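J.: Right, I'll just put the structure down here and ask away after.
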Amino acid sequence: MSRLQKWFWGLALVPPLSVFAVWGIWDNAKLFFITLLNGLTLASLYFIVASGFTLVFGLMRNVNLAHGSLYLLGGYVGYIVAEKTGLFVLALAAGFLVAALVGLLMQVAIFRFMQGEDLRQTMVTIGLSIVIADLLLWGIGAQVHQMSAPGWLAGPLRDIPLITAYSKYRMALLPLGIIIGVLLWLFLNRTRVGMMIRAGVDDRGMLAATGVNVNLVFAATFAIGAGLAGFGGVIGAVELSMVPGEDVRLLLASLIVVIVGGMGSVVGAALGAVILGVAETYGLAYAPTYSVVFTFVILVMVLAFRPRGILGQAA
Amino acid sequence: MSAAEWRNAMNAGSGRLAMGKVLVLPPQEKTESWTRKNPIRARHVLVLGFLLAFPMYATPFLTYQIGAQSLALGLIALSLTFLGGYGGMVSLAQMTVAGVAGYMLAVFGASGEAALSLGWSWWIAVPIAIVIATLVGTAIGWLSVRTEGIYTIMITLAVGVAFYYLCLQNYSVLNGFQGFQRVYAPTVLGINLREPVPFYFLVLACALGGYFLAKYILRAPFGIAMQGIRDNPRRMNALGFHVMAHRVAAYAVAGLIAAVGGVLFTWYNGLVTPGSVGTSWLINILVIAVLGGMRHPIGPFIGAIVFVLLQTFAIDLIDRERFNLVIGGVFLAIVLFSPDGLLGLWAALKSRFPSGSKFLTPRGGIR
Amino acid sequence: MKKRTFVRTLVGAAVLAVFSGVAYSQQTVKIGLLSNLEGPFAAGGADGMRGAELAIKQKNGMAGGRKIELIKASSDAKPDVAVNATRKLVEQDKVDIMVGPLSGGEGIAVKEYSKTQPNITFINGSSGAQATTLVNPSPNFFRFNTEGAQWMVGLGKAALDKGYKRVMVIAEDYAFPYSQVQGFMSEYCRLGGKVPVKAWVPLGGKDYASVIARIPKDVDALVVILGGADAVNFLNQYEAAGGDKPMIGGSITVSQDVLNYKGKRRDSLVGTIAGAPIADSFDAPEFKAFVADYQKNYPVSAGGYPSPSLFALVYYINMKAALDGLDAVKGDLSGGQAKYREALTKMVLKTPVGDVRLDSNRQAIGTTFITEVVKDAQGNLSNRVLRKVDGIDQMLGMKKEDFKMGSRDEPNCP
C-alpha cells in the first residue's frame, strides 16, 4: 500500500469508528464492552477453524470447501467421546485426530493425484462436502448435539467490573485462540517441518529441488489443517452446538476470514477473524436487520480493493 | 488480426497453458474444428427434432418439470460455462444474476404481493428485469475481474450470499423471507404461457437463442480474444488487448444469458424467494455446469437434464433422505474421473484409448 | 424404508393388476405425503412422516373401503423444491390426495399450485403461515391444524398471571415467529402487558451473545421463539452468561426436539410456559392412546422421540382428516372429488387434542394448550398442561376489520 492509500484508509475508517465507539460507550458501556468481548471470543473460534484452512491453501493452493464438513465431523466425534469418557480434553484430542486422519486420507487418496489443478481440487472438495454432510446426517441424524463444557468452565464468571458476568467457557476461548496462534507460529517458524512448509508456500518447486519429500510435507500440512477444523468443531460443539448446516456456516465464516486476511497467512487469518467476529457481533447488537449483509459487504469491499486480502501476497 | 489467426495462436499456446496461471481449463480443440467447417451433422438434426417433438409424446409433467426446467436451468448454467469454460472466470454469482431478474420481474410486474409489486405489463417488466439483471451481472464482473482464479470463486460466492441475506432481511422492497408468490408467465396473443407445452416452447426458443448466441460470440473476434485471455492474459495484454474490459464484457454477456434464464426459471416456479438465490442454488449451478462439461455450450444443458432427472426421480430409486449422497457421489465421480464432465466422458468413449486417456490422467506436476 | 414400501407397492400393484385388472385403480386411493427429510427441519420432518404413517396404520391401510397407497416425497423447506416435489406426486405419480408440506413458505407455494389442480384435494402437513388461508385462499387446500398465531392464544394471560408485566421478545426474523409473537402480544398487550424490546435475530445466526447482551435489566421475562439448534444455543449461552430471567416459549421452543436434544444441560427450561397445539401430559384418553400408539410404533431405539412431537401430531391430524373424509364418502372420489371436499368442509374432526372444525377459508378452529415445562423422575423434560383454550379461530377473536397479519412491528406496545 502506498502512503497515500494508507492515509486514505485511515481517514475513511478511523474517524467513523471512533465516533461510533465514543457513542457506544456513552450510550451503554456495558453493552459496548460485552459486545467487544463477544466479538473477540467468536473471533477466537473462527481463527482456530480458519487457520487450518489458510495453512492448506497457502501451501497447496487447495481451497478445501470440505473444511466445514471436517468441523462438523470433529464436533460429533468430540461429542461422542465426551459422552463415553466424560473427559473434555480427550474429546478435543479425538476431534483433532479423527479430522486429521480424514484430511490425511483425502490428501493421500485424492489430492496427491491432482496437484496443481486448483479448480478441479475445489470441485472435488465441493463433492466431498456434500457426501460427508449426508453421511453424517445418515449416521448421526438431524438432532441437535450440544456438548457440555467441562465442570471448571461451566457457568458464568461473576463480578467483573463494568460487565458484571460473563460465560467462563467463552472467556476461555480467548486465551485458547491466542495459545493456538502462538503454537502455530512457533511450529511454522521454529521447527524443521514448519520451515519446509513456509518454504513450500513461497516456492514449491525449489523446495522439491532441495530434496525435501514434498508429498510428505503436503500430507502433514493437510492433516494439521484438517485437524484444526476438527479441533474447532469440538470447541464449537459446546458454544454453538452441532447440527446439519453448521458445516456450511463455518465454511463461509472461514472463507471470509481467510479472504479478508489474505489466504495463506496465519497472521492474516487472525486479523480476518477479529474483523469478522467483531463486525458480526456489533452488527447483531446495534443493527440486527442487516448485520449479516454488512459482513459480506465488508468482504466484497476488501476484495475489490485488495484482491488478495489485507495481508495476502501474490501467488 | 483475423479470427483464424487467433485460433492458430491459441492452439499453439495451448501446450504451454500451465505457466503461472492459477486457473486452467482445457482448450477447445473440438469446438475449433467444428467451427472451421461448421457442417450441420445428423446429430444436430436429430437433437433438434427430438426437442421439438418432445412435448408430443411426453406427458405435460415431463414436458414442464423435466423439459422446461432443465432448459431454463441449463440456460443459467450456460452463462457460467461461457464465463468459466471460455473466459477462465468461474463465477458462483450467476444464480444471483438470475435471481435479480426474477426479483425485478416480481417487483415491476405482477405478483401475489399487490402492495409491493408495481403490476406493470410483462412487456415492460420483462425488459426492465433483464436490463437490471444484466447491469448487476456486469457490476459483479467489474468487482471480481480484479481477482483471479480461486479468488474469483470466493468473491462471487460472497456477493451471492450477501444478496441472499439482503433478500431475506429486506421487507420494504424484496418482501423478506416470503419473497414473491404468483409470479406467472403472461398470456401472449391468446396463448397462455403458463401451460406446459407453450411454456416449454418458450423456454426452448430462449435456450436455443442462448446457445447460438454463445456459439456465435465464441467464434467472433471478441470470443476468440476472450479465450486468448483465458489462456494467457499477459500475452494478450502485450498484444494490445484490454484484458479487464474484455473480461467485464464477458460478464455482461453472461449476465444477459443468466437474466433470461432467471426470468424463465421464476416463471417456471411461479415464485421467487430468498431460497431461490441461496448457497445451495449457487453451488447447484456450478454442479450442473461441471456435470455437463465446460468444453462446449451444450454441456450445461446436458448437466441440467441429468441434474433435474436425479432430483425428480432419485426418490423412486433410493430414499429421498439419501438423495444428496447420490448427487454428491455422481458429482464427485465425474470430477474425479472425467474433469470435463459428461462431455469429456463422451469424448473419451468416442476416441477410445489414445485420446481417451488424456482426459483421465491429470495434468500437472508442481508449479 | 421408503425403498421397501416402493418395492412392496410394486409387487402389490403387479399382483393386484393381474387378478383384478381395471378394478385395481378403483380400489386403491393414492395419497401423496410431503415433508422435510433434509434441510433445517429434517428432524421434525421425519417425525411428521411418522405421525402421518401412524394415522394410516391405525386404520390398517384402509379408508372408505379402499386401500391406501402412500407415496412419500421430501423437500428442504424451500418453496420451489416443495412445489417440484408436489408436482411430481400429483402429475407423475397421480396421487388423489396430497398431504403436506411442512413449513410456512412451502405451504403458501403449494396452496398456489393447488389452484392449478382443481380435481385434487390438498391437505396441509404442518405449515403454519397465516397467509396460506388468509390471502388468496385456494378452494381445494384444507388446513386441519391451527397455525402459529392461534397456538399462542392464552399465553398472554398466563404470563400476566405469573406476574410478568414487561417482557422482551427474542425471535427469528421471519413469518412464523411474527405470527407467534402476534398471537402472544395481541392478548398480552390488550391486558396491559408491555413489550419494550423486540430482538429479531436474522435467520442463520447461531451466536446469541450479542442478543443476550441487549437484554435490559427491567424486564420480567423473555419471550423466546427460536426452534431447534437456535433454541438450544440460546439457552446454553444465556445460562453460561449468568442469565436467570424466566422464559416464555414459542410452540417450537419447547417442542420435543428441543427438550430432547443430545446434551446434558436442559434444566434452565424448567418452569418455562408456552403455547402449543400439543402438550405431552394432556390426560384425555384419546391423547394418551395416541401417544401410546406412537411409542409402540416408533420406540426411541428406532429413532422416535420419547413422546410425539408437534410435527408428528399435526401431520397425524391432517392425515386423519384425509382418511376420515374418505370414510365419510365411502371412498367416493368421483366428480372431481366434489363430495369428498364437501365432507371435509363440514367435518367435525376428532383429534387426540379435541374437535376441529373448519372456517370459511378451510382453516382449522381448534384447541391450544398453555403448558409449563416440568422434569419427571427419570430426568426427562415434558410439558404439563396449565390451561386448555378451545375454539380459537384465525382472527384470534378479533373482528375481521381489526385484524392485521403479524409482522416485525405489528402488534406493538412498548
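J.: Of the conditions (1) outside any helix (DSSP H, G or I); (2) of a type in the set (Lys, Arg); (3) modelled with pLDDT under 75; (4) surrounded by 17 or more Cβ atoms within 10 Å (Cβ to Cβ), B:Arg322 clears all except one; give me its number.
T.: (1)
J.: Let me ask something additional. Only one residue in A:Ser291, A:Ser241 is surrounded by 24 or more Cβ atoms within 10 Å (Cβ to Cβ), of a type in the set (S, T, N, Q) and over 16 Å from the mean Cα position of the chain (by Cα), so which one is that? Before the answer, list the steps.
T.: Numbers: A:Ser291 fails: surrounded by 24 or more Cβ atoms within 10 Å (Cβ to Cβ).
One residue alone meets the criteria, A:Ser241.
J.: Further, regarding this structure: Could you tell me how many of the residues in the stretch A:121-158 are in contact with a strand residue (DSSP E or B) (Cβ under 6 Å, 6 or more places away or on another chain) and facing another protein chain (nearest Cβ under 7 Å)?
T.: Counting residues in the stretch A:121-158 that are in contact with a strand residue (DSSP E or B) (Cβ under 6 Å, 6 or more places away or on another chain) and facing another protein chain (nearest Cβ under 7 Å) gives 4.
J.: A further question on this structure: I'm checking my understanding of the structure. Among residues of the stretch B:301-318 that are more than 11 Å from chain C (Cβ to nearest Cβ) and among the aromatic types (Phe, Trp, Tyr), which one is nearest to B:Leu62 (Cα to Cα)? First the steps, then the outcome.
T.: Going through the stretch B:301-318, the residues more than 11 Å from chain C (Cβ to nearest Cβ) turn out to be B:301-307, B:309-310.
Of the ones still in play, those that are also among the aromatic types (Phe, Trp, Tyr) are B:301, B:307.
Working: B:Phe301: 16, B:Phe307: 14 Å.
Selected residue: B:Phe307.
J.: Related question: Of everything in the stretch C:44-72, what is touching a Gly at 6+ places or on another chain (Cβ under 7 Å) and farther than 14 Å from C:Gly331 by Cα? Give them in sequence order.
T.: Residues satisfying the conditions are C:Gly48, C:Arg50, C:Ile71.
J.: Any residue at all in the stretch A:180-192 that is in contact (Cβ under 8 Å) with a residue 40 or more places away in the chain and within 11 Å of another protein chain (Cβ to nearest Cβ)?
T.: No, that holds for no residue.
J.: If you don't mind, another one. For the stretch B:157-173, give me each residue that is surrounded by 22 or more Cβ atoms within 10 Å (Cβ to Cβ) and of a type in the set (A, V, I, L, M, F, W, C).
T.: Answer for the stretch B:157-173, where residues must be surrounded by 22 or more Cβ atoms within 10 Å (Cβ to Cβ) and of a type in the set (A, V, I, L, M, F, W, C): B:Leu157, B:Ala158, B:Val159, B:Val161, B:Phe163, B:Cys167, B:Leu168.
J.: Of the residues that make up the stretch A:261-268, is at least one over 20 Å from A:Leu173 (Cα atoms) and part of a helix (DSSP H, G or I)?
T.: Taking every residue of the stretch A:261-268 in turn, at least one turns out to be over 20 Å from A:Leu173 (Cα atoms) and part of a helix (DSSP H, G or I).
J.: Further, regarding this structure: Give the residue that is nearest to the other protein chains (Cβ to nearest Cβ), with candidates limited to residues of the stretch B:154-199 that are among the small types (Gly, Ala, Ser) and closer than 27 Å to C:Ser103 by Cα.
T.: Going through the qualifying residues, I end up with B:Ala162.
J.: Pick from the stretch C:182-191 the residues that are over 17 Å from C:Asp393 (Cα atoms) and touching a helix residue (DSSP H, G or I) at 6+ places or on another chain (Cβ under 7 Å): which of them is surrounded by the most Cβ atoms within 10 Å (Cβ to Cβ)?
T.: C:Tyr188
J.: Whether any residue in the stretch C:377-389 is closer than 22 Å to C:Gly125 by Cα and among the aliphatic types (A, V, I, L, M) is what I want to check. Full working, then the answer.
T.: Of the residues in the stretch C:377-389, the ones closer than 22 Å to C:Gly125 by Cα are none.
For the stretch C:377-389, residues closer than 22 Å to C:Gly125 by Cα and among the aliphatic types (A, V, I, L, M): absent.
J.: From A:Gly39, A:Gly75, grab the single residue that is on the phi < 0 side of the Ramachandran plot, more than 10 Å from chain C (Cβ to nearest Cβ) and buried (at least 24 other Cβ atoms within 10 Å of the Cβ). Give the derivation first.
T.: On the way: A:Gly39 fails: more than 10 Å from chain C (Cβ to nearest Cβ).
Unique residue meeting the criteria: A:Gly75.
J.: Continuing with the same structure: Residues of the stretch A:82-114 being within 14 Å of chain B (Cβ to nearest Cβ) and in contact (Cβ under 8 Å) with a residue 24 or more places away in the chain, which ones?
T.: Within the stretch A:82-114, A:Met106, A:Phe111, A:Arg112 meet the criteria.
J.: List pairs: first in the stretch C:122-149 and touching a residue at least 12 places away in the same chain (Cβ under 8 Å), second basic (Lys, Arg), Cβ under 6 Å, 6+ apart or cross-chain?
T.: Filtered contacts from the stretch C:122-149: C:Asn124/C:Arg143; C:Thr132/C:Lys111; C:Thr133/C:Arg143; C:Ser138/C:Lys111; C:Ser138/C:Lys115; C:Phe141/C:Lys111; C:Phe142/C:Arg362.
J.: Is it true that A:Ile259 is in contact (Cβ under 8 Å) with a residue 12 or more places away in the chain and buried (at least 24 other Cβ atoms within 10 Å of the Cβ)?
T.: It is true that A:Ile259 is in contact (Cβ under 8 Å) with a residue 12 or more places away in the chain and buried (at least 24 other Cβ atoms within 10 Å of the Cβ).
J.: Tell me, please, whether a residue that is crowded, with 24+ Cβ neighbours inside 10 Å and closer than 22 Å to C:Asp409 by Cα can be found in the stretch C:112-128.
T.: Checked against the condition, which is being crowded, with 24+ Cβ neighbours inside 10 Å and closer than 22 Å to C:Asp409 by Cα, the stretch C:112-128 yields at least one hit.
J.: Here is a further query. Does C:Asn236 satisfy being without any contact (Cβ under 8 Å) to a residue 40 or more places away in the chain and among the polar types (S, T, N, Q)?
T.: Here the answer is yes, as C:Asn236 does meet what is asked.
J.: Does the stretch B:186-200 include one or more residues that are in a loop (DSSP other than H, G, I, E, B), modelled with pLDDT under 90 and within 20 Å of the chain's Cα centre (by Cα)?
T.: no
J.: Can you tell me which residue is modelled with the highest pLDDT among those in the stretch A:85-110 that are more than 20 Å from B:Ala333 (Cα to Cα) and outside any helix (DSSP H, G or I)?
T.: Out of the qualifying residues, it is A:Leu87.
J.: Ok, one more. Yes or no: the stretch A:53-70 includes at least one residue that is hydroxyl-bearing (Ser, Thr, Tyr), buried (at least 20 other Cβ atoms within 10 Å of the Cβ) and farther than 24 Å from A:Glu280 by Cα.
T.: no
J.: Something else: All but one of (1) in the same structural domain as C:Val348 (by TED's automatic domain parsing); (2) crowded, with 24+ Cβ neighbours inside 10 Å hold for C:Ala131, so report the exception by its number.
T.: (2)
J.: Still on this structure, please answer the following. With the requirement that a residue be among the charged types (D, E, K, R) and farther than 28 Å from B:Ile155 by Cα, what does the stretch B:279-319 give you? It would help to see each step written out before you state the result.
T.: In the first step, residues of the stretch B:279-319 are kept if they are among the charged types (D, E, K, R); the result is B:295, B:316, B:319.
Residues satisfying the conditions are B:Asp316, B:Asp319.
J.: Quick one: how many residues across the stretch C:355-390 are part of a strand (DSSP E or B) and over 21 Å from C:Tyr316 (Cβ atoms)?
T.: The number of residues fulfilling the criteria is 9.
J.: Could you please let me know if A:Met301 is over 19 Å from C:Gly204 (Cβ atoms) and crowded, with 24+ Cβ neighbours inside 10 Å? Before you say what the answer is, go through the steps one by one.
T.: Numbers: over 19 Å from C:Gly204 (Cβ atoms): yes; crowded, with 24+ Cβ neighbours inside 10 Å: no.
No.
J.: Another question, then. Which members of the stretch A:159-179 meet the condition of being more than 8 Å from chain C (Cβ to nearest Cβ) and either in contact with a helix residue (DSSP H, G or I) (Cβ under 8 Å, 6 or more places away or on another chain) or in a strand (DSSP E or B) (or both)?
T.: A:Asp159, A:Ile160, A:Leu162, A:Ile163, A:Met171, A:Ala172, A:Leu173, A:Leu174, A:Leu176, A:Gly177, A:Ile178
J.: Right, another one. Consider the stretch B:84-111. How many of its residues are assigned to a loop (DSSP other than H, G, I, E, B) and either crowded, with 22+ Cβ neighbours inside 10 Å or of a type in the set (Val, Ile, Thr) (or both)?
T.: Of the residues in the stretch B:84-111, 8 are assigned to a loop (DSSP other than H, G, I, E, B) and either crowded, with 22+ Cβ neighbours inside 10 Å or of a type in the set (Val, Ile, Thr) (or both).
J.: Within the stretch B:274-294, can one find any residue that is more than 13 Å from the chain's Cα centre (by Cα), in contact (Cβ under 8 Å) with a residue 24 or more places away in the chain, under 30 Å from B:Asn170 (Cα atoms) and not in a helix (DSSP H, G or I)?
T.: Yes, the stretch B:274-294 contains at least one residue that is more than 13 Å from the chain's Cα centre (by Cα), in contact (Cβ under 8 Å) with a residue 24 or more places away in the chain, under 30 Å from B:Asn170 (Cα atoms) and not in a helix (DSSP H, G or I).
J.: Give the stretch A:200-233 a look and list any residue that's of a type outside the set (Val, Ile, Thr), part of a helix (DSSP H, G or I) and within 11 Å of chain B (Cβ to nearest Cβ), or say none.
T.: Result: A:Gly200, A:Arg204, A:Gly205, A:Met206, A:Leu207, A:Ala208, A:Ala209, A:Asn215, A:Phe218.
J.: Show me the helices (runs of 4 or more DSSP H) found entirely inside the stretch C:208-298 where at least 2 residues are of a type outside the set (A, V, I, L, M), crowded, with 19+ Cβ neighbours inside 10 Å and more than 10 Å from chain A (Cβ to nearest Cβ).
T.: Filter on the stretch C:208-298 gives C:285-297.
The values are calculated or read from the model by the stated rules, or taken from the named source; none is laboratory data. Here the structure is a predicted model, which means the values were calculated and not measured. Please note: Cβ atoms are built from the backbone with ideal geometry, for glycine as well, and neighbour counts cover all protein chains shown.
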